[in-house]
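What follows is a set of notes on a single structure, which appears directly below.
Throughout, read-outs are computed from the coordinates displayed, never taken from laboratory work. Here the structure is a predicted model, which is why all the values come from computation and not from measurement. We place every Cβ from the backbone using ideal geometry, glycine too, and count neighbours over all the protein chains shown.
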Amino acid sequence: MDTKTINCYEKMGIQTLINASETYTNLGGSLMEPETIESMKEAGKHFVNYMEFRDAVCRHCATLTKNDAAFITTGAAAGLELTTAACMCENNMESMEKLPDTKDFQKNEIIVLDGKFLTIIPYWKLIGLTGAKIIKVKPDINSLKEAINEKTAACVFFPASLYERDIPKCEELIPEIKKLGVKIIVDAAAQLPPISNLWYYTKTLGADLAVFSGGKHIKGPQCTGLIVGDEHLISICKMLASPNEKLGRGFKTGKEELAGFVTALELFISADDKKRFDRQKKQLEKIEEMIQKAFLPELYPIKMWMQEEGRLGTYQPLLLISLPEGMTARECNEYTRALETAVDIGVYQPEFEMPENIIFLNAYNLKEGEEIIVANSVIGYIQKSLS
Ligand SMILES: *Cc1c(COP(=O)(O)O)cnc(C)c1O
C-alpha cells in the first residue's frame, strides 16, 4: 500500500513503536482488540442512563470474574484509593463527606509491609491521598499482627513475585490476617494472566478486595481499572466514585470506557490461557531461531533461554538473551528504539538484580509478524557492536 494515512501520532510528530518489553503505562500499556474499539465507538453514539449502564456493566464483570461484586474505575491506582477509602468509611457512611480529613475517624490506618519493594513501586503512597495514615510494618507475620489495632482500617498487599521476594507471601498472610477480622486489599494490578487470578485473591485466598489494571493485560481502555470482592465495600467504593462529588469524583469512567472495558474483559476471559501462552512462545521461538541463525555459534555464542514465567510471576513466556561481552541491554534498547521501525526491547530495572547484558523479550503485545522485526532489531544491534 502506498497511500499512507496520517495517523494521530504522526500528525503530532510522534513515532510509534513495537512493544517487545512490557505493558508499561509509559508505552501506552497495551493495545485494545478491534472489538473493544468498536464497542467504544458504539457507546459514543448514544445517550444512556449512565448509572444504570454502569451498574449493569459492573454486575456483568462480577459474574465474569466469579466475584460477589465488581466496580470499574480509572485504573488500579484509582482502585487502591477507592478501596482504602471505603475501608475507612465502612462503619460510618457520613464520614465519606469528610475525606481526606480522617483525624476523627474510628479507623484511619492502612498497613503495608515495609519491604524493599516499597521503593520500587511507590503506588502505595497514593493511599495517603485518601487521608489514611500509612503504617509501614516489618515484613513478618508477628510484627503485622502486633501492628493491627482498633484504628486499622485495612492491610494492603502487593503479590507480584518481585515484591514478595524476602517477605511473606499473600498465600501465607491473607488467611492469618483474615482470622483477626481485618480488611485485606490486594493490589494485583499486573498479576494477569492466569485468568483465574481475577478471583484467586478474593475467592480462594479470602481477601476482601482486589484491584486490577484494565489497561495492562486485560487490554481494555488505558484509563480503566477493576475492583472485585466484597459487595458492601464495593457499594461504598461506588458511592465515593464519580459522578458523586466525593473523593473519587476525579476518577471518571465514561460510558465509552465502560463499554470498552467489559468487551475487553469478555475477550480476555474467553481466551484460553494455554493458547495465549503458546502463541507468544511460538513468536519468541521464531526470534530465538533467527538470532541463532544470524551468528556462527563457534565465533559468537549467544546464550538464550525461555522462561515460563513473566517478570512479576505471571503466566507468560519470556525469552532471555545474554548479549555477548561488552554489550548492554540499555545500549541495545537505545539502538532498537532509534531504528526507523522503533522497537522497545526489555531492559531489567536495577531491582531485578540481573546482569546488565541480559535483555528480555515479551510477546504479550506483539502483533502477528512483528517478531521478525524484533529479531532483526536485536541482530542489528549485535552485528553493529561486533563490527
Ligand atoms: C501498574 C500498577 C498500578 C497502577 O495501575 P493503573 O491501572 O495504571 O492505575 C498499581 N499497582 C501496581 C502494582 C502496578 O503494577
Fill in the blank from the handout: tail above 15 Å in the computed P(r) of the stretch 116-168, as % of all Cα-Cα pairs, reads 51
Practice task
Filter the cross-link list 151/238; 116/246; 66/107; 66/255 down to pairs whose alpha-carbon distance in this structure exceeds 28 Å.
Solution key: 116/246; 66/107
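Looking at the stretch 290-387, I'd like the Rg to Rh ratio, where Rg is from alpha-carbon atoms and Rh is Kirkwood's inverse mean 1/r. The partial results should precede the final answer.
Numbers: Rg = 13.0 Å, Rh = 13.9 Å.
Ratio of gyration radius to Kirkwood radius for the stretch 290-387: 0.94.
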Practice task
Give the residue from 46, 209, 343 lying farthest towards the positive end of the charge dipole for the chain; charges sit on Cβ (+1 for Lys and Arg, -1 for Asp and Glu) and the dipole is referred to the Cα centre.
Solution key: 46
Problem - Ordering of 299-309, 75-85 by burial proxy (mean other Cβ atoms within 10 Å per residue, highest first) - result: 75-85, 299-309
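Given that compact globular proteins tend to follow 2.2 N^0.38 Å, what is the ratio of the alpha-carbon Rg of the stretch 269-317 to that value?
On the way: Rg = 13.8 Å, N = 49, 2.2 N^0.38 = 9.7 Å.
The stretch 269-317 yields a ratio of 1.43.
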Practice task
Using a Gaussian network model of the chain whose springs link C-alpha atoms within less than 10 Å, name the residue from 127, 110, 372 with the highest mean-square fluctuation.
Solution key: 372
Practice task
Express in % the proportion of alpha carbon pairs of the chain at distances exceeding 28 Å.
Solution key: 50
Fill in the blank from the handout: Within the under-15-Å Cβ sphere about residue 378, not counting residue 378, Lys/Arg +1 and Asp/Glu -1 give a net charge of -2
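Explain nothing, just the number: dipole magnitude of the chain about its Cα centre with +1 on each Lys and Arg Cβ and -1 on each Asp and Glu Cβ, in debye rounded to the nearest 20. Spell out each step's value before the answer.
Details: 44 positive and 54 negative charges, 92 e Å.
Value, rounded to 20: 440 debye.
Please report, in debye to the nearest 20, how large the charge dipole of the stretch 52-112 is about its Cα centre when each Lys and Arg carries +1 at its beta carbon and each Asp and Glu carries -1 there.
Details: 6 positive and 10 negative charges, 51 e Å.
In total the dipole reaches around 240 debye.
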Problem - For the stretch 134-251, size of Cβ-based charge dipole, Lys and Arg +1, Asp and Glu -1, in debye - result: 280
Fill in the blank from the handout: Counting all Cα-Cα pairs in the stretch 189-294, those more than 19 Å apart amount in percent to 57
Problem - Cα lying deepest toward the dipole's positive end in the chain, options 9, 328, 132, charges on Cβ - result: 132
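Of the DSSP beta bridges with both residues in the chain, give the percent that are antiparallel, rounding to the nearest 5. Show your work: numbers first, answer last.
Working: 22 of 42 bridges.
Antiparallel: roughly 50 percent of the beta bridges in the chain.
Which three semi-axes in whole Å describe the equivalent ellipsoid of the stretch 1-90, each the square root of 5 times a Cα gyration tensor eigenvalue, listed largest first? Please report the intermediate quantities before stating the final value.
Details: eigenvalues 217, 79, 35 Å².
Values for the stretch 1-90, descending: 33, 20, 13 Å.
Summing Lys, Arg as +1 and Asp, Glu as -1, what charge do residues with Cβ under 13 Å from the Cβ of residue 222 carry, residue 222 excluded? All intermediate terms of the calculation are to be shown ahead of the outcome.
Details: positive: 216, 219; negative: 256, 257.
After counting each charged neighbour, the total is 0.
Which peptide among 265-278, 208-221, 175-188 comes first, and what is the full order, when sorted by highest mean count of other Cβ atoms within 10 Å?
Values: 265-278: 15.4, 208-221: 27.6, 175-188: 19.8.
Ranking, from highest mean packing down: 208-221, 175-188, 265-278.
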